[in-house]
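A short write-up of the structure that comes next.
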Amino acid sequence: MPCECSATLHIASILVLKRQMRQSQHKYFQSIMRQIRLMRQERQEQDSSGNNEQFLTTSEIAEILRVHQRTVQRWISSNRLKTTKVGPKILRVRKQDFDEFLESQSQNYQEESDT
């Protein structure tokens, strides 16, 4: 017949292991929360410093310029309109690049109208 002492020690060791596991999970959770707070802080600093870049989709540009979305895609494929890759297959146009594109187009139009 097994000794009650060994059963009590076994239960005590299980309780100690459970406590250690909870503590390690708590520490892990705290480290994750610390990382999230740091990321939020960095994002807020970027937003407040004005580095917040605005991106436009091809459909948004098409709507703004009142052209077909395929026209915007052709400008992109011919490198007339710069894009930024924001995902595996996702391209967006920075607002700054869009403004530069509009400026270059207006200059081209003025040059053509002068001749």
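Annotations for the structure displayed:
- Projected area, mean over directions - the chain, Cα convex hull, nm²: 13.8 nm²
- When Lys82, Lys27 are arranged by Cβ crowding within 10 Å, least crowded first, meaning fewest neighbours, the order is Lys27, Lys82.
Laboratory data are not the source of any read-out in this text; all were calculated from the coordinates shown. Bear in mind that the values here come from a model prediction, so they are computed numbers and not experimental data. Note that each Cβ is placed from the backbone with ideal geometry, even for glycine, and that neighbours are counted across all protein chains shown.
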